[in-house]
1. Count charges around GLN50 for me, please; just the other residues with Cβ under 15 Å from its Cβ, Lys/Arg as +1, Asp/Glu as -1.
2. Viscosity 1.306 mPa s, temperature 10 °C: what is the translational diffusion coefficient of the range 42-188 from Stokes-Einstein with a Kirkwood Rh over Cα pairs, rounded to a whole number of µm²/s?
3. Charges at C-beta only: +1 for Lys and Arg, -1 for Asp and Glu. How large is the resulting dipole of the chain about its Cα centre, in Debye rounded to 20?
4. Give me, ordered by chain and number, the residues 5 or more places off TRP109 or on other chains with an amide H under 5 Å from its own placed amide H.
5. Percent relative contact order of the chain, based on C-alpha pairs within less than 8 angstrom and at least six residues apart?
6. Set Lys and Arg Cβ to +1 and Asp and Glu Cβ to -1, take the dipole of the chain about its Cα centre, and tell me which of HIS14, VAL240, LEU163 lies farthest positive.
7. Would you mind calculating the relative contact order of the range 154-269 from Cα pairs under 8 angstrom and at least 6 residues apart, reporting the percent as a whole number?
8. Pulled fully out, how much extra length does the chain show between ALA123 and SER160, if you take 0.36 nm times their separation in residues and subtract their Cα-Cα distance?
Amino acid sequence: MDDERDTNAWREWHEHRVATVSAPYGPLALTGTHWLGDYPEGRIPAVPGQWRATASGVALSAAPEDGLELDGRPFAGEADLDADEGPPARSRLASGRRRFAVILREGEWAVRVFDPDSPARSAFRGIEATAYDPAYVLPGRFRPYPERRTVQLENADGRSRGLGLGGELLFSREGGEYALQVAVDEGDGSLWAVFSDATAGRSSYRFRFLRPGIPGPDGAVTVDLNRALLPPCAFADHFVCPFPPPGNTLPFEVAAGERRLKDALAAGD
């Protein structure tokens, strides 16, 4: 009975994931991430308005003919913008069906463009995922570092950025002991890992994410590899996902969870 319940819960999780990534302003809708430092004159191709990074945010200048809306109303003039904290569907700026989100990464400002008519969203056929297997549900333990560490990692866009790590996620499988370096969400204390495994680039995307949740007071946490996630950059090239830190490549096959996009080539994803 427990297996049936867990299988149904996994199926609901998978269906929710598919609905989320294919939503009008989900990851598949991202068509560009434009770093303002690359446009010193403030004009971004195919993005209306003039954009400039300031000491505290982003300054936007727009004329009526730019066709921008701010907070649902036609916008012309000057506006100071901070980083968008909510989902793209609630971005303050829009032009027709497109939405623009301001982001900040390590002191660099960028504008992201989300278009529900993106080619990636039109071509989406689903996420290839392996059916639930209770053998991939493993007891784990979180061991925090005495101090938060930052490692420089290459990101999917070819740039190197820092990733803050708060400890290690320890677990056993088939007699082997394994550890993944994990980030800790400053808001709720939940864990997050970027990892690779023996299926990477073959029958799965080149790396995946794992979000095991919030550890208990004693550090206990369930490592459910059935819920391995494709990173955002699997859905759109314009995301800046970090590659796995050193030591986060598991030597065995994680033949579980989300594997790749349906119809994706194993070599290129």
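Derivation of every value follows stated rules applied to the coordinates shown; laboratory data play no part. Predicted model, so just to flag it, every value in this text is computed and none were measured. We place every Cβ from the backbone using ideal geometry, glycine too, and count neighbours over all the protein chains shown.
1. Net charge around GLN50: -4.
2. It comes out at roughly 82 µm²/s.
3. 360 debye
4. LEU36, GLY37
5. Over the chain, the number comes to 17 percent.
6. VAL240
7. 29 percent
8. Roughly 10.3 nm would be gained on extension.
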